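The structure appears below as structure tokens.
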Amino acid sequence: MKVTYLVNQYPKASHSFIRREIAGVEACGIEVDRWSIRRTTEPLVDAEDQREAARTRVLLDAGKLGLGLALLRCAVTRPLRTAGALRTALRLSRESHRGLARHVAYLAEACLLLPHVRRAGSEHVHAHFGTNPAAVALLLHELGGPPFSFTAHGTESFEAPAEIGLARKLAGAHFAVAVCEYGRRELARWCDVSTTRLEVVRCGVDQTFLDEPEQPAPAAQRFVCVARLSPEKGHHVLLSAAASLAAEGLDFELVLVGDGDLRADLEEIVRSHGLGARVRFVGWKSNAEVRAEILASRALVVPSLAEGLPVVIMEALALRRPVIASAVGGIPELVENGLTGWCVKPDSPAALTAALRAALVATASERTALGREGARRVALRHDARVEARTLAGIFREEGP
């Protein structure tokens, strides 16, 4: 069996879970054809991501002329299907703030992808994220392409589901995937579960994390946050909490792994609070470097305002490091107070300060116990190989 994977930007530093899923699906004997809608703008510092980039084709590399010609070719060779797909694009555009031009572009992208999918012999298309990749997959199917499915991860699908036409995409999909029970409940609100198949296929970690020997909890008063520097990740809340800890005279270090549009603003917050000696911005890191940063830290901090279930939480717990995280999305399914870390009220500097303080005063044995329970849960629920086998089985069930 051959499956085409479609992602908005792939590979990316924050999309290692997709790379692991593809590797696991291929290990099950399914051939995967990789497509990205646009090129990644972030640097690819991990060698595995660089190898994936070499194997991934990019739709927008064709340029406006290539997209226009593809749309014209479909209109001439399959006018009825193109008209039907255009009607769907128009309906999606009326529901969305992105407008008609953007959705006609999605149709052109589907037209461009169609001959590649047919030549490759793909029997199924799987999109990651419920936004434009799912729209292109839906339009591709209406043009006569293979059946499709998509994985909805969290904020991209659930913050404004009506605006991305989530119900229409669910109705057209052969099945849809959530990465946690929270996500499945959210999807169920937008479809008829008696006719639309919903599955939970959890994001997972690979053997480099699952097989990592236990390392003693470090004595360093260091925290690490691994995330894009963007508004929904809550870095401003974390820096406010850090300022409160500093005002109390507590000794700590905070390492921020990642980059993004907010970096200059966050650096200014650090300067204004006099946190320059305590907070370090280190940019994007490879998988091995992220693992080293987590192991060198007392706890991972995830102060997000909205999430699905971040893979970095699984990575930290697999490495037996507790997690301090906001109680949003599917996070409480994995981070539990007193069991695997500290789950706090979102957008609350006071609550986050209290959790950071608790982690600073926790003994090594207390933190080790939290980490061990976290590792047990990750091994049970988030083994990338097991989850990929589940998804591969669904692909085969839904195949021709």
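The values are calculated or read from the model by the stated rules, or taken from the named source; none is laboratory data. Just so we're clear, the structure is a prediction, and the values are computed from it rather than from any experiment. Positions of Cβ are backbone-derived with ideal geometry, glycine not excepted, and every protein chain shown enters the neighbour counts. These accessible areas exclude ligands, DNA and RNA; they are computed on the full protein's heavy atoms, side chains included. Shrake-Rupley method; radii C 1.70, N 1.55, O 1.52, S 1.80 Å.
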Next on the checklist: Report the Rg/Rh value for the range 201-296, based on alpha-carbon coordinates and the Kirkwood definition of Rh.
Outcome noted: 1.01
Item to check | Inter-site label distance for Gln215 and Glu267 at 7 Å from Cα along Cβ, in nm | outcome: 2.8 nm
Next on the checklist: Quick one: the Cα spread of the range 259-400 along its three principal axes, in angstroms, biggest first?
Outcome noted: 61, 38, 29
Checklist entry - Using just the C-alpha positions of the chain as equal point scatterers, what log10 of I(q)/I(0) does the Debye formula give at each q in 0.08, 0.09, 0.11 1/Å? => result -0.44, -0.55, -0.80
Checklist entry - How big is the range 63-208 in terms of Cα radius of gyration and Dmax, in angstroms? => result 15.4, 51
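Taking only protein heavy atoms into account and a 1.4 Å probe, give the accessible area per residue of the range 1-153 in Å².
40 Å²
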Next on the checklist: Per residue, how much accessible surface does the range 269-318 expose to a 1.4 Å probe? Answer in Å², no decimals.
Outcome noted: 32 Å²
Checklist outcome for this item: Carbon and sulfur atoms account, in whole percent of the 1.4 Å probe accessible area of the chain, for 52 percent
Checklist entry - Roughly what would the spin-label model give for Ala83 and Arg38, points 7 Å off Cα along C-beta, in nm? => result 3.3 nm
Checklist entry - Cα convex hull of the range 302-356: mean projected area in nm², to one decimal? => result 3.2 nm²
Checklist entry - Based on DSSP H runs of at least 4 residues, each adding -39500 (n - 2.57), what is the mean residue ellipticity at 222 nm of the chain after dividing by all its residues, to the nearest 500 deg cm²/dmol? => result -15000 deg cm²/dmol
Item to check | Label-to-label distance, nm, for residues given as Gln207 and Leu69 (7 Å Cα→Cβ offset) | outcome: 4.6 nm
Checklist entry - To the nearest µm²/s, what D does Stokes-Einstein give for the range 339-382 at 10 °C and 1.306 mPa s, using the Kirkwood radius over alpha carbon pairs as Rh? => result 138 µm²/s
Checklist outcome for this item: Here the cysteines of the chain without any disulfide-compatible Cβ partner under 4.7 Å are Cys28, Cys180, Cys191, Cys203, Cys225, Cys343
Checklist outcome for this item: In this structure, the FRET efficiency calculated for Val200 and His116 from their beta-carbon separation, with R0 = 30 Å, to the nearest 0.05, is 0.50
